[in-house]
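Just below is one structure, and these are the notes that go with it.
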Amino acid sequence: MSQAPTKAPKREVFNSRNYFILAAIGSAVGLGNIWRFPYVAFSEGGGAFMVPYLVALLSAGIPLLFFDYAIGHRYRGSAPLAMRRLGGWTEVLGWWQVLVCFVIAIYYAAIVAWAAMYTWFSLSKAWGDDPNTFLFGDFLEVAETPGIGFDFVPQVFIPMIVVWVVTLVIVALGVNKGLAFANLIFMPLLLVMFLILVGQSLFLPGAMEGLNALFTPDWSKLGEVSVWAAAYGQIFFSLSVGFGIMITYSSYLKRRTDLTGSGLVVGFANSSFELLAGIGVFAALGFMAQAAGVGVNEVAGAGIGLAFVAFPTIISQAPLGSLMGVAFFGSLVVAGLTSLMSIMEVVIAGVRDKMGISKPLSVAIVGLPMAIISLVLLSTTTGLYFLDITDEFVNKFGILAGAFASIIIVAWIARKLPTLKRHLDRFSSFPAGIFWMIMVGAIVPIILGVILYNHTVERIQEPYEGYPVALLGVLGWGMAGSLVVGAIVLTLLPWRRPELVEFDEEHNEHEIAARAEGVTQ
């Protein structure tokens with residue numbers, strides 16, 4: 001007698017598609033939307049940058065969202081489990097994505113903690129007349145020599161504890177009581193705070209000069225390969241594709257869920273918020289430039305400098321500056337928390353599936369050690385160096401290389417694109433079609449390959465930010481390389497519940513076809 005396929009234990013499921021969409025948008029809308037996109041757009045052609053940006057969104061960002069959704073929804077598992085079910089040995093790709101999230105979470109929590117403190121500092125404008133000295137000297141107490149040290153900074157250590165406690169409690173509560181409920185509160189709150197920020201910025205003197213600087217098109221830029229690479233790079237980093245988040249989230253969806261429709265909502269919501277961030281940030285920078293009597297290009301920047309140096313300067317000079325500060329840094333806190341929760345969910349889900357344990361126990365086993373590592377490395381006088389180097393290498397070489405390898409292996413070696421396309425077509429308001437297969441199987445890997453090659457050559461030719469080569473070797477290249485080694489080791493470890501990985505492709509195909517009858521949610 002033939003034996004019926006073994007069914008995996010029941011997974012958590014989002015109570016509704018709207019909860020999933022909120023969680024996915026919460027993951028995609030993060031710090032990079034607020035402090036990276038505006039400067040990238042400004043420096044890469046202004047209004048003209050919108051052309052390659054939209055092309056990148058439609059040809060790579062949304063197709064990759066569909067790619068992750070199809071894998072997670074069809075194979076019903078965390079990144080390692082879904083990849084294992086897809087092709088056995090491809091489990092290593094899932095663990096690669098888990099380890100990328102592991103490293104990012106360790107330093108991401110620090111930035112959220114900084115933003116939380118600056119929300120409080122905004123009330124009294126604690127940075128005084130010199131926000132730069134206050135940030136690097138008084139607040140972070142950055143060591144003069146780059147390296148790794150263990151001189152703790154209390155004003156960073158304490159808020160980091162709070163950030164980790166909030167994050168781990170939310171993740172431990174589960175998909176609906178934790179992630180969905182938190183995003184149901186955080187996302188409307190984020191929108192309200194950012195609308196306050198944008199509204200206030202638009203009425204500042206010089207705001208129009210800032211917007212003109214951002215949106216005036218430089219059409220000659222469209223002929224530069226670097227501009228197109230920047231557009232695709234921004235899309236890859238901002239949509240949370242390629243490092244396990246969307247695979248994990250989509251595995252919690254009900255069977256009859258509109259996958260492509262959900263992907264479009266998430267993709268365009270993320271881009272809309274980036275555009276809103278650009279308007280708010282550059283209106284404020286226009287005010288700052290006018291007050292200083294300089295051009296907008298002289299005050300525009302990205303990353304930590306924009307958030308924790310330029311904006312405090314604006315807050316000190318602007319009418320109702322404290323309100324602007326609370327709105328801006330509060331937005332960073334909320335956007336950072338929703339992204340950090342999704343990053344942690346990838347790690348927790350992977351370990352939970354592999355070990356066959358409950359979510360609260362997996363949070364205790366993995367989350368608490370991660371919090372301790374984060375506190376030890378990031379709440380010190382050398383924490384900024386660790387953050388800067390690790391973010392540069394893990395983001396660019398961990399995420400990009402992982403996404404590139406995943407597409408090549410899934411599309412060309414495992415040859416699963418036709419299967420994933422059929423899955424998308426069955427559970428969507430409109431079919432993915434051949435266009436999607438061409439984009440994911442041919443166009444996206446070429447683009448990713450070019451961007452990855454350029455980043456690699458750039459980092460080999462010139463040490464990043466002039467840091468010592470030895471330090472870059474450990475925290476940069478060494479950290480990126482350890483992701484691959486660690487992924488292989490984790491793949492070789494046995495599954496505590498072998499029945500969890502059993503997956504009958506043919507049986508699942510028939511089951512999906514039967515359940516696909518009727519109207520999607």
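See the values below:
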read-out: Estimated FRET transfer efficiency (GLU502, SER272; beta-carbon r; R0 35 Å; 0.05); value: 0.25
read-out: Karplus-derived HN-Hα couplings along the stretch 165-178 (A = 6.51, B = -1.76, C = 1.60, θ = phi - 60°), whole Hz, x at Gly and Pro; value: 4, 4, 5, 5, 5, 4, 5, 5, 6, x, 5, 8, 6, x
read-out: Solvent-accessible surface (1.4 angstrom probe) belonging to LEU58, in square angstrom, nearest 10; value: 90
read-out: Order of exposure, largest accessible area first, which applies to MET341, MET288 with probe 1.4 Å; value: MET288, MET341
read-out: Whole-percent carbon and sulfur share, accessible surface of the chain, 1.4 Å; value: 67
read-out: Check: the chain dipole with +1 on Lys, Arg Cβ and -1 on Asp, Glu Cβ, in debye; value: 2020
read-out: Phi-based couplings in Hz for the stretch 311-316 (Karplus 6.51, -1.76, 1.60; Gly and Pro marked x); value: 5, x, 4, 5, 4, 5
read-out: Furthest towards positive pole of dipole, PHE386, MET355, VAL334, structure part the stretch 327-408, Cβ charges; value: MET355
read-out: Spacing of the two label points (7 Å from each Cα toward its C-beta) at LEU361 and VAL457, in nm; value: 5.2
read-out: Surface accessible to a 1.4 Å probe, ARG17 within the full protein complex, Å²; value: 60
read-out: Solvent-accessible heavy-atom area per residue, rounded to whole Å², over the chain at 1.4 Å; value: 38
read-out: Long-range amide H partners of LEU253 with built H, under 5 Å; value: PHE14
read-out: Overall form of the stretch 126-197 per C-alpha gyration tensor (a/c, 1.5; a/b vs b/c); value: oblate
read-out: Farthest positive-ward along the stretch 34-100 dipole, Cα basis, beta-carbon charges - from LEU64, LEU81, TRP96; value: LEU81
read-out: Residue list for the stretch 344-358, given a label point 7 angstrom along the Cα-to-Cβ vector of TRP495 and an amide N cut-off under 11 Å; value: 353-356
read-out: Out-of-range pairs (alpha-carbon distance over 30 Å; input LYS177/LYS354; LYS177/LYS421; LYS125/LYS177; LYS221/LYS416; LYS221/LYS396); value: LYS177/LYS421; LYS125/LYS177; LYS221/LYS416
read-out: Centre separation in Å (Cα based) which lies between the stretch 194-257 and the stretch 333-384; value: 26
read-out: Net length gained if the chain between ASP138 and THR216 were fully extended (0.36 nm per residue, minus Cα distance); value: 24.2 nm
read-out: Farthest toward positive dipole pole in the stretch 137-236 [+1 Lys/Arg, -1 Asp/Glu at C-beta], among PRO146, VAL156, PHE236; value: PHE236
read-out: FRET efficiency, 1/(1 + (r/R0)^6) with R0 60 Å, evaluated for VAL225 and SER124 via beta carbons; value: 0.80
read-out: Cβ-placed point charges (K, R +1; D, E -1), dipole of the stretch 358-489 about Cα centre in debye, nearest 20; value: 820
read-out: Exposure ranking of VAL450, VAL142, VAL440 by accessible area [1.4 Å probe, largest first]; value: VAL450, VAL142, VAL440
read-out: Theoretical ellipticity at 222 nm over the chain - DSSP helices of four or more residues, -39500 (n - 2.57) apiece, nearest 500; value: -20000 deg cm²/dmol
read-out: Cα-centred dipole magnitude for the stretch 33-127, charges only on beta-carbon of K, R (+1) and D, E (-1), debye, nearest 20; value: 240
read-out: Tensor-based shape of the stretch 353-493 (alpha-carbon gyration tensor, a/c under 1.5 rounded, otherwise prolate or oblate); value: oblate
read-out: Separation in nanometres of the label points that stand 7 Å from Cα toward Cβ, at PHE435 and VAL13; value: 3.2
read-out: Probe 1.4 Å, all protein chains present, accessible-area order of VAL55, VAL501, largest first; value: VAL55, VAL501
read-out: Length gained when the stretch ARG256-ALA292 is fully extended (0.36 nm per residue, less Cα-Cα span); value: 7.3 nm
read-out: Kirkwood hydrodynamic radius of the chain, from inverse mean 1/r over distinct Cα pairs, in Å; value: 23.4
read-out: Shape of the stretch 332-421, Cα gyration tensor, a/c cut at 1.5; value: oblate
read-out: Surface accessible to a 1.4 Å probe, ASP388 within the full protein complex, Å²; value: 40
read-out: Simple spin-label estimate for ALA470 and ILE446 in nanometres, 7 Å along Cα-Cβ; value: 4.5
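The values are calculated or read from the model by the stated rules, or taken from the named source; none is laboratory data. What you see is a predicted model; the values in this text were computed from it and never measured. Glycine gets a Cβ as well: all are built from the backbone with ideal geometry, and neighbour counts include every protein chain shown. Side chains are part of the model used for accessible areas, which takes the heavy atoms of the whole protein and leaves out ligands, DNA and RNA. Shrake-Rupley method; radii C 1.70, N 1.55, O 1.52, S 1.80 Å.
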